[in-house]
Amino acid sequence: MKAFTKTNKLNILTMLALLWLVSFGVFGQTFEQEWKLQNPIPTLRDLNDVYFADSQNGWAVGYEGTILKTTNGGTTWIQVNSGIQEAIFSTHFTDLQNGWSVGSHGSILSTNNGGHTWQNQNSGTTKKLLSVYFNDSQRGWAVGDSGAILNTDNGGSNWQILNLGITGRISSIQFADSLNGWINGEIGKILKTTNAGTSWQTVSTGRNYVLTAMYFSDPRNGGLLPQILSYIQKTEDLAGHPEKHNFISKHSNSLIR
């Protein structure tokens, strides 16, 4: 799920609520639970992303190298040492132990002990990285500014820089399964793969908006969040049927329905 710029940032509570919902795959479902502001606030720094591996274990990342961890469903959070001062924009875990975070100046961090400690990985780029996603403990992707697209097949020990013809900002990447994945590309377009990233094809959303986030619950059903929060878009067929890339606009008050 994906980072918002300082000039277009939701407040911490709203952002955590949205990203936590997306992380659990309840995009478009009824949600009536009450949200409460954490007291005391775990950090005064702006947060950019949150990811939960299950109902109890989660991590949140933000500016000045901030990484927070909870093991009780968010009742309490502890701050762990990331080892960097750069902004961290995205984090993703494949299980309770293995996770990755990405941020400014090409920063990539990894952990194999549930986020208690983090190690730097060499990304090979200085571009700002805004989103990271791993299919398993070995195969992963990171995307960011100026068309940055990186992938690894060994857990991040080595990262390869790919050129898919995108020059603008890429703020999100996600896979619904081991084969089907999406990258939000140029304005109004996304890239889709049905073969685990071996090849990608361009798909038009029919709207000329910068996309800031997306979520796919399966290869056919997903949603896109434009930078202008007046509506979201939903598709019911984005994999396996190249002739059917139908996006339906939904007002933002339908984000949780």
Exercise for the section: Please order VAL61, VAL210 by the number of other Cβ within 10 Å, starting at the fewest. Expected result: VAL210, VAL61
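Going down the list LYS69/LYS189; LYS36/LYS192; LYS127/LYS189, which pairs span over 31 Å between their C-alpha atoms?
Values: LYS69/LYS189 34 Å; LYS36/LYS192 37 Å; LYS127/LYS189 21 Å.
Among LYS69/LYS189; LYS36/LYS192; LYS127/LYS189, the Cα-Cα distance tops 31 Å for LYS69/LYS189; LYS36/LYS192.
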Completion exercise
Most packed first (mean Cβ within 10 Å per residue), the peptides 74-86, 189-201 order as 189-201, 74-86
Exercise for the section: Obtain the nm distance between the two label points defined at ASP218 and GLN79 by a simple spin-label model: each point lies 7 Å from its Cα along the Cα-to-C-beta direction. Expected result: 4.3 nm
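Coordinate-derived values only; no laboratory data. The model shown is predicted, which means the values in this text are computed figures rather than measured ones. In this analysis, Cβ positions are derived from the backbone assuming ideal geometry, glycine residues included, and neighbour counts consider all displayed protein chains.
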